[in-house]
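Q: To start, I am sharing the structure in question, which I have written as structure tokens.
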Amino acid sequence: SQPEIFNHNIETVRELTPRVRHKATYERTLSILGYAKKKRKNPKMLVKSGIMVGLGETQLQVEQTIKDLADIKCDIITIGQYLQANQNKLLVKAFIHPTEFEAYATYGYAHGIKHMYCGPFVRSSYNANL
């Protein structure tokens with residue numbers, strides 16, 4: 001298959017990955033995304049990943065995650081507010097202000113990310129119908 005966009009979500013920052021993602025690892029996700037970028041058959045294929053914020057991460061941790069994704073040549077990053085789906089899921093630690101989302105977008109663009117979609121209502125499937 002030659003998809004137009006290859007997506008694999010990193011979901012959260014390195015430090016919170018063991019708590020948020022029980023089976024996946026941060027490094028493996030970066031490896032998968034980097035491999036997809038290097039081995040793509042369609043040179044126009046974009047690589048995309050997504051992060052949820054509001055789980056207790058710091059601004060510096062989010063910025064490091066953006067940088068890690070930029071280092072493996074990720075093209076698109078979505079950053080959205082984590083919302084607790086039900087009482088069995090992780091609690092929301094913070095609601096992130098829209099200006100913080102704007103700052104993450106600016107940071108991503110400064111590190112070479114082509115498309116940054118950042119905001120409280122952004123989801124991994126953001127603009128999927130485009």
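Q: Over the Cα atoms of segment 41-111, compute the convex hull volume and normalise it per residue, giving Å³. Before the final figure, lay out the partial values.
A: On the way: hull volume 7.8 nm³, N = 71.
Hull volume over Cα atoms, normalised by residue count, gives 109 Å³.
Q: Calculate, in whole percent, how much of the Cα-Cα pair population of segment 1-68 lies beyond 14 Å.
A: Working: 1327 of 2278 pairs.
Distances greater than 14 Å cover 58 percent of the Cα pairs.
Q: Continuing with this model, one more query. Measure up K23/K67; K37/K114; K23/K89; K38/K67; K37/K89; K67/K89 against 21 Å on the Cα-Cα distance and list the ones that go over.
A: Values: K23/K67 23 Å; K37/K114 14 Å; K23/K89 16 Å; K38/K67 18 Å; K37/K89 32 Å; K67/K89 28 Å.
From K23/K67; K37/K114; K23/K89; K38/K67; K37/K89; K67/K89, over 21 Å: K23/K67; K37/K89; K67/K89.
Q: With unit charges on the beta carbon (Lys/Arg positive, Asp/Glu negative), name the residue among Q87, M45, I77 whose Cα is farthest towards the positive pole of the charge dipole of the chain.
A: M45
Q: List the residues whose amide H sits under 5 Å from the amide H of C118, counting only those 5 or more places along or on another chain, with H placed 1.01 Å from N in the peptide plane.
A: Correct list: I79.
Q: Same structure again: I'd like to check one number: the per residue accessible area of the chain, probe 1.4 Å, reported in Å² as a whole number.
A: On the way: 7790 Å² over 130 residues.
Value for the chain: 60 Å² per residue.
Q: Could I ask something else about it? Give the Rg/Rh ratio for the chain, taking Rg as the radius of gyration of the Cα atoms and Rh as the Kirkwood radius, to two decimals. All intermediate terms of the calculation are to be shown ahead of the outcome.
A: Details: Rg = 14.2 Å, Rh = 14.9 Å.
With Rh from the inverse mean 1/r over Cα pairs, Rg/Rh is 0.95.
Q: Add +1 for every Lys or Arg and -1 for every Asp or Glu among the other residues with Cβ under 13 Å from the Cβ of R19, and state the total.
A: Charge balance in the 13 Å sphere: +2.
Q: Going by accessible area, probe 1.4 Å, with all protein chains left in place, what is the ranking of R21, R28, largest first?
A: Values: R21 30, R28 120 Å².
Heavy-atom accessible area, descending, gives R28, R21.
Q: Which net charge results when you count Lys and Arg as +1 and Asp and Glu as -1 among the other residues whose beta-carbon is under 14 Å from that of E100? Before the final figure, lay out each step's value.
A: Numbers: positive: K93; negative: E57, E63, E102.
Residues near E100 contribute -2 overall.
Q: Hey, with R₀ at 22 Å, roughly what FRET efficiency would L90 and S31 work out to, going by the Cβ-Cβ distance, to 0.05?
A: On the way: r = 25 Å, r/R0 = 1.13.
FRET efficiency, L90 to S31: 0.35.
Q: How large a share of the accessible area of the chain, in percent, is made up of carbon and sulfur atoms when the probe is 1.4 Å and the other protein chains stay in place?
A: Values: 4250 of 7790 Å².
Ligands and nucleic acids excluded, carbon and sulfur give 55 percent.
Q: Name the most mobile residue of H115, H22, H97, meaning the one with the largest mean-square fluctuation, in a Gaussian network model of the chain with Cα contacts below 10 Å.
A: The residue with the greatest mean-square fluctuation here is H22.
Q: Angle check, please: helix 59-71 long axis (alpha carbons) against the longest principal axis of the chain (alpha carbons), in degrees 0 to 90, nearest 10.
A: 10 degrees
Q: Using a Gaussian network model of the chain whose springs link C-alpha atoms within less than 10 Å, name the residue from E100, E11, E63 with the highest mean-square fluctuation.
A: The residue with the greatest mean-square fluctuation here is E100.
The values are calculated or read from the model by the stated rules, or taken from the named source; none is laboratory data. This is a predicted model, so every value here is computed, not measured. So basically every Cβ, Gly included, is an ideal-geometry build from the backbone, and we count neighbours across all protein chains shown. In case anyone asks, the SASA skips ligands and DNA or RNA and just uses the protein heavy atoms, side chains included. Shrake-Rupley method; radii C 1.70, N 1.55, O 1.52, S 1.80 Å.
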